[in-house]
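The values are calculated or read from the model by the stated rules, or taken from the named source; none is laboratory data. Bear in mind the structure is a predicted one, so any value in this text is a computation, not a measurement. With ligands, DNA and RNA removed, areas are computed over all heavy atoms of the protein, side chains included. Shrake-Rupley method; radii C 1.70, N 1.55, O 1.52, S 1.80 Å.
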Amino acid sequence: MDRTLFYREVYAVVAEIPKGRVMTYGQIARLVGYSRYSRMVGQALSCVPEELGLPCHRVVNSCGRLVPSWKEQKILLEAEGVSFKENGCVDMKRCLWNLEIGDDIDVG
């Protein structure tokens, strides 16, 4: 696998996530053709060049958990209208976005 190409494809998907919506690492991995590489999606996002201005804060894990060491992530998501459950996780039923259909999907 070409890591540089993988990162570019991840960045292209992340650029499409609209305000007020989130996607998971796993969704992005599947969209770029590497369904078992969700951790590598996280690695790609951890080294995004700042000049790309990607909305990396819109990527969460499959349960809606945020990055523990990134306190600003919740602030950025709340400013965009993303709703959270009492446990601090994103309300995935309301906010999960599916690039393929451009709409919510049920994660139940």
Next item on the list: Whole Å is fine, so just give me how far the alpha carbon centre of the range 69-85 lies from that of the range 1-42.
Entry: 20
Check: Roughly how tilted is helix 3-16, in degrees to the nearest 10 and between 0 and 90, from the longest Cα axis of the chain?
Finding: 30
Check: Taking N as the number of residues in the chain, what is its alpha-carbon radius of gyration divided by 2.2 N^0.38 Å?
Finding: 0.99
Check: In whole percent, how big is the carbon plus sulfur part of the accessible area of the chain, probe 1.4 Å, protein atoms only?
Finding: 47
Item checked: Heavy-atom accessible area per residue - the chain, 1.4 Å, Å² -> 61
Checklist line | Karplus-derived 3J(HN,Hα), 6.51/-1.76/1.60, for each residue of the range 76-84, Hz, glycine and proline x | finding: 4, 5, 4, 5, 8, x, 5, 9, 10
Item checked: Amide H contacts of Val22 (H built 1.01 Å from N, under 5 Å, at least 5 apart or other chain) -> Leu96, Trp97
Next item on the list: Tell me which residues come under 5 Å, amide H to amide H, from Phe84 once H is placed; ignore anything under 5 positions away on its chain.
Entry: Asp91
